[in-house]
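K.L.:
I am attaching a structure below and will ask some questions about it afterwards.
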Amino acid sequence: MPTCDHFYKSLLKCLLKSPCVVEQGNTPRECLSPVHDENSVSEACRLAQRAYVECKLDIMNPRKRFRGPYGGRPPAEDDEDDS
C-alpha cells in the first residue's frame with residue numbers, strides 16, 4: 001500500500017527550519033495553521049504541506065485506487081509513423 005512518508009518527512013524538515021518554529025517557538029502543528037503568514041512559514045513549506053495533503057487524499061480516493069491517476073497519458077496520435 002502506498003504511503004506518504006516521504007512527503008511528511010520533507011514537510012517536517014521544512015517546518016523545523018522555518019522562522020515560525022526557530023524564532024517564534026511554535027510547534028510545527030501550530031505553524032501549519034493559516035494564521036501564520038508567509039514571513040514565518042515559507043512558500044516551500046506550504047507547497048510541501050499541500051503535497052502531503054493531496055497524497056493522503058489520493059490514498060483515500062477509491063476511483064484513483066481502482067482506475068489509476070487522473071490525467072493519465074492519453075493515446076497519442078503522434079506516436080504512429082504516417083510514412
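K.L.:
Check each of the GluC sites (Glu not before Pro) in segment 19-52 and keep only those in coil by DSSP with at most 14 other C-beta atoms within 10 angstrom; list them in order.
P.N.:
Those that pass, being in a loop and sparsely packed, are E23, E38.
K.L.:
Within segment 5-67, count lysine pairs with alpha carbon atoms under 19 angstrom apart where the residues are 8 or more positions apart or belong to different chains.
P.N.:
4
K.L.:
Could you work out the relative contact order of segment 5-67? I mean the mean sequence separation of Cα pairs under 8 Å and 6+ apart, divided by the number of residues, in percent.
P.N.:
Details: 41 pairs, mean separation 22.5, N = 63.
About 36 percent, as a whole number.
K.L.:
Report the full-extension gain for the segment A44 to D5: residue separation times 0.36 nm, less the Cα-Cα distance, to one decimal in nm.
P.N.:
12.3 nm
Values in this text are rule-based calculations from the coordinates and carry no lab data. All figures in this text were calculated on a predicted structure; none of them were measured in a lab. Note that we place each Cβ from the backbone using ideal geometry, even for glycine, and neighbour counts take in every protein chain shown.
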